Amino acid sequence: MQRLWKTLLVAGILVLWASCRRYQKQTEKDYILVDSSAYQNYKKAFRYKKANKKDSAYYFAYKAYKEAQKVKDTFNLYGSLLLLAKLDFENHNYPAAENNIIKIYELNFHDKDKLAFLNNSMGLISWKKGNYEEAIKYFNRIKKEYGKDFPKQLNFNVMYYNNMGLVYMDKKNYPAAAGYFDSILHLDSISQKLPLRYARALQNKATALLKMGKDMEALSLAEQALNIRKVLKNQGGITSSHKFLAEYYYKKKDLPVAFSHAKKALKTAQEEKNYEEVLNILDLLGKIDPKNASKYFEEYVRLQKKLLEEERKFKEQSAKIRYETQQKENEIARQELIISQNERLLTIIVLSFIATLLLSMGLFIQYRKIRIQKENLIKANKALVEQKELLNRKNLELEEKNEFINNLHR
């Protein structure tokens, strides 16, 4: 029994140790990701984007992307590339945005949520390029990715139905568009969990119904959307609602009410610095208030020129950043190649020197051996000569003895 308890205690300690090690490793990994220069630059880019400083946002996002690329940091690669794609998309540079999303696909993510966002982004890009069938294909991938679990994904349900509705609006298939927006309105607890998206779906459906000639139903939905947005103090939504109501009353020839809504929309759009909406509202005001149309037109032209100039500068700046970064990388690569070649040459020289030294030492040792052998041979020859001389002397002595003996005999 005691042995069993000891075994369980040891097993528990081992499990606890393994859990602590895994937590420590994960913590270290998270720390590295958060503390990396790629992540710091990504945070800067995100702050600049919120401040509407697009050039600075693009610069730091691209820097974060390049730093993450060097160390193969997929976490920050995903974030920086997605931010670059958003910046390009907002400035109507759709090919560049598409290229950034394709780079994220190449990271081979298996996270369903990330893949859903990527498919949604590609769908939006295709939609803006006017390729509606391709956009529908990408949006349907979101639904396919989740399969039977798709109805449980509230956020992605809203995203899918809203974007499909917008595509069908552009295709002028208003009944289909209204059907998709209505699907959002029937999602479980949507008005409580995501009230702003619920308000957007109300207005989008109202737009489709207005196109279908169902004016009263459209007005009711639009007013509901405006009330929700006012309660939540959603400036962008309030602008959109007032603009819709201005268009509605303009269509109904009720110009004073249309003018009132248009002025309110213009005010909130200017406060929010939503200049694209300002352009749309100025164009609408010119129709509602023909007496002052020239004033609205002048303001429209001035603002449009400013926006086009900013968009042009952004595209030039982003292209310049990419070009200069590539040039720097090419220069660094060239320097690294030169250093590598010099290191290789130095290695060859050092190895050659070592080989020469080893060969010299080998030759010296061989020379010493031969010299010793030669000295030994000389000594051996000298000993042989001495022995030969000794033998010769002994032979002479023997000959003398023999001659002496012969003389005695005689």
Stretch L185-E299 to full length: gain in nm at 0.36 nm per residue minus the Cα-Cα span?
37.2 nm
Measure nothing but the geometry: give the 0 to 90° angle between the long axis through the Cα atoms of 235-251 and the longest principal axis through the Cα atoms of the chain, rounded to 10°.
40
K128: which aspartates and glutamates have alpha carbons under 16 Å from its alpha carbon, excluding same-chain residues fewer than 8 sequence positions away?
D88, E90, E98, D170, E276
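If you take the alpha carbon radius of gyration of the stretch 249-309 and divide it by 2.2 N^0.38 Å, what ratio comes out, to two decimals?
Details: Rg = 11.5 Å, N = 61, 2.2 N^0.38 = 10.5 Å.
After normalising by residue count via 2.2 N^0.38 Å, the value is 1.10.
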Taking r as the C-beta separation of K72 and Q366 and R0 as 60 Å, the FRET efficiency to the nearest 0.05 is 0.65
What number, in nm² with one decimal, is the all-direction average of the projected area of the convex hull of the alpha-carbon atoms of the stretch 170-321?
11.1
Roughly what would the spin-label model give for A355 and N131, points 7 Å off Cα along C-beta, in nm?
5.7
What is the set of long-range amide H partners of D254 at a cut-off below 5 Å, with H atoms built 1.01 Å from backbone N?
none
Okay, which of the stretch 297-316 sit inside 17 Å, backbone N to the point 7 Å along the Cα-Cβ direction of S56?
314
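After finding the eigenvalues of the alpha carbon gyration tensor for the stretch 174-235, what semi-axes result from the square roots of 5 times each, listed largest first in whole Å? Walk me through the numbers before you get to the answer.
On the way: eigenvalues 75, 40, 11 Å².
Result for the stretch 174-235: semi-axes of 19, 14, 7 Å.
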Taking 0.36 nm per intervening residue step and subtracting the Cα-Cα distance, what contour gain separates L396 from K211 on full extension?
51.9 nm
Share of pairwise Cα separations in the stretch 98-211, more than 22 Å, in percent:
34
With all protein chains modelled, accessible area of V257 [1.4 Å, Å²]:
50
Could you tell me how many degrees, from 0 to 90 and to the nearest 10, lie between the Cα long axis of helix 275-288 and the main elongation axis, the longest principal axis, of the Cα atoms of the chain?
20
Tell me which aspartates and glutamates have Cα within less than 12 Å of K313's Cα, excluding those fewer than 8 residues away on the same chain?
D55
Compute the Kirkwood hydrodynamic radius of the chain, taking the inverse of the mean of 1/r over all pairs of distinct Cα atoms, and give it in Å to one decimal.
29.1
Quick one: accessible surface of D55, probe radius 1.4 Å, all protein chains present, in square angstrom to the nearest 10.
70
Calculate the radius of gyration of the Cα atoms of the stretch 26-140 to one decimal place, then report Dmax, the largest Cα-Cα distance, as a whole number, both in Å.
14.5, 46
Which whole-number percent gives the relative contact order of the chain, counting Cα pairs below 8 Å spaced six or more residues apart?
7
Near K152, which lysines are there with a Cα under 16 Å away, not counting those fewer than 8 places off in the same chain?
K112, K143, K144, K193
Computed lengthening from K306 to L384, 0.36 nm per intervening residue step minus Cα-Cα distance:
16.7 nm
How long are the semi-axes of the equivalent ellipsoid of the stretch 344-410, taking √(5λ) for every eigenvalue λ of the Cα gyration tensor, in whole Å from largest down?
63, 5, 4
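What does the accessible area per residue of the stretch 163-290 come to in Å², with a 1.4 Å probe and no ligands, DNA or RNA counted? Could you put the intermediate results ahead of the total?
Numbers: 6210 Å² over 128 residues.
On a per-residue basis, the stretch 163-290 sits at 49 Å².
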Given Cα pairs under 8 Å that are at least 6 residues apart, what percent is the relative contact order of the stretch 82-189?
17
Could you check which residue among Q317, Q373, Q40 shows the biggest mean-square fluctuation in a GNM of the chain with a 10 Å Cα cutoff?
Q373
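The values are calculated or read from the model by the stated rules, or taken from the named source; none is laboratory data. Given the structure is predicted, the values throughout are model-derived calculations rather than measurements. Here Cβ is always computed from backbone atoms with ideal geometry, including for glycine, and neighbour counts include all displayed protein chains. Areas reflect the complete protein model, heavy atoms only, side chains present, ligands, DNA and RNA absent. Shrake-Rupley method; radii C 1.70, N 1.55, O 1.52, S 1.80 Å.
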